[in-house]
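Enquirer: First, the structure itself, so that you have it in front of you.
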Amino acid sequence: MGKRRKPSPPSRARLAVLTTAVAGGAVLASGTAHAEPAPTLASVKEQVDRLNEEAEQAIERFNGFQEKQQKLQGEANRIQEKVARGQDAMNELRTQLGVVGAEQYRNNGIDPGIQLMLDSDPASYLGRASVQDQVAGSWTNLLKRAQDEQRKLDQERAEAAATLADLDAVGASLNAQKNEIQGKLAQSEALLNKLSAEERAKINAQEAADRAKAAAQQAAAAERAKAADKEAADKAKAAAKEAAGKGAAAPQTASPQTSNPQTATPQSPAANTPPPAANTPAPPAAGGRAAAIVQFAYAQLGKPYGWSKTGPSSFDCSGLTGAAYRAADVSLPRTSQEQWKVGTRIGRGDLQPGDLVFFYPDLHHVGVYIGDGKMIHAPRTGKNIEVLSIGVMPYMGAVRP
């Protein structure tokens, strides 16, 4: 029986291959074990909604800076025109000073006493001396005017420089907001582009379902409030009837003011605002200003949202409300936050078509109320102007400008 041969040890090259293979397998196993899970449709929708809301906040800031830039540009142009006019006035005064100075130099070259002694016609000399006094007076007046004009010109130049510096700062802020908006919208679009058409359809369906649910909840809350109002009115009538039966004077019954927890306005910047005065304006008459506002808003349905646009082919939220009010010859500020400050605060139960309705704690969204708990608004990039229940978003309050 022959000797058994010992297996030869693996070569260095073979060891290297085996080691690499094992290490690769370990990395693969590790990578598989720790792979990031694919995002769910719900998480994608949540991210897209958040990015679009942040973009709309930045858009309203952009609109504010843009409005300020336009005002500063107008102010800078006005001041620069004043500086140009002041410079023309200074040039004219310098010309007059040169003429008067030359005349004074020519006439004051000889001592007046010697000039009188040498003059063959003293009366003529005295006449010229009087003229010289007038010239000297003109020189003094011109100098004073020139000094005053120069001080004024210096002030106007300083004012123009400060205004132009402010304009540059606002321009920088405008560019920063523009970059932020474009970044948010790009992120949102990138998330949506990763979805299939079927997944996008599911997100749209979920969004529609959420809106329908919110509208149903709002309708139920309105019914509860209506029932509470009726109950309070019935109780007031019963009390009045009972008092009349006892011979007591019937009490004055006012329209009951109920406070329903389902329809109460959440804490917001409006929370510190005093409630509307008792003389809240009457509902706008049909065919009047409110009709013009609502009709304009209806005419824009289906047009695309366009950030920082005020029409006529696209609008952002405050651009749409501003344009609707311009159709009724009413001028509104450019941003939703500034529009909130105009007019009379209106309780949710007193809303009338044409009122402005505001959403989110920082008031970065606004729409035109059209009745029946609905508004027309410009939603966000990628969407069209639409009719929507005011219960879908966090409602903050309403204003009647």
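The values are calculated or read from the model by the stated rules, or taken from the named source; none is laboratory data. Note that this is a predicted model, so its numbers are computed, not measured. Quick reminder, even Gly has a Cβ in these numbers, built from the backbone with ideal geometry, and neighbours come from all protein chains shown. When the accessible area is computed, the model is the full protein with side chains, heavy atoms only, and any ligands, DNA or RNA have been set aside. Shrake-Rupley method; radii C 1.70, N 1.55, O 1.52, S 1.80 Å.
Enquirer: Please enumerate the residues belonging to region 357-401 that are more than 15 Å from the chain's Cα centre (by Cα), of a type in the set (A, V, I, L, M) and open to solvent by less than 40 Å² (accessible area, probe 1.4 Å).
Expert: Across region 357-401, the qualifying residues are Val357, Val368, Ile370, Met375, Ile376, Ile385, Leu388, Ile390, Met393, Met396, Ala398, Val399.
Enquirer: On to the next question. Run Val135 past the list (1) at pLDDT below 60; (2) within 30 Å of Thr335 (Cα to Cα); (3) aliphatic (A, V, I, L, M) and report the number of the one that doesn't hold.
Expert: (2)
Enquirer: Gln147 fails exactly one of the following numbered conditions: (1) in contact (Cβ under 8 Å) with a residue 24 or more places away in the chain; (2) more than 27 Å from Glu56 (Cβ to Cβ). What is the number of that condition?
Expert: (1)
Enquirer: For Ser255, which of the numbered conditions (1) open to solvent by 60 Å² or more (accessible area, probe 1.4 Å); (2) polar (S, T, N, Q); (3) at pLDDT 50 or above fails to hold?
Expert: Ser255 satisfies all of (1) open to solvent by 60 Å² or more (accessible area, probe 1.4 Å); (2) polar (S, T, N, Q); (3) at pLDDT 50 or above except (3).
Enquirer: Please work out which one of (1) crowded, with 16+ Cβ neighbours inside 10 Å; (2) at pLDDT below 85; (3) aliphatic (A, V, I, L, M) is the condition Leu185 fails and give its number.
Expert: Going through (1) crowded, with 16+ Cβ neighbours inside 10 Å; (2) at pLDDT below 85; (3) aliphatic (A, V, I, L, M) one by one, Leu185 breaks only (2).
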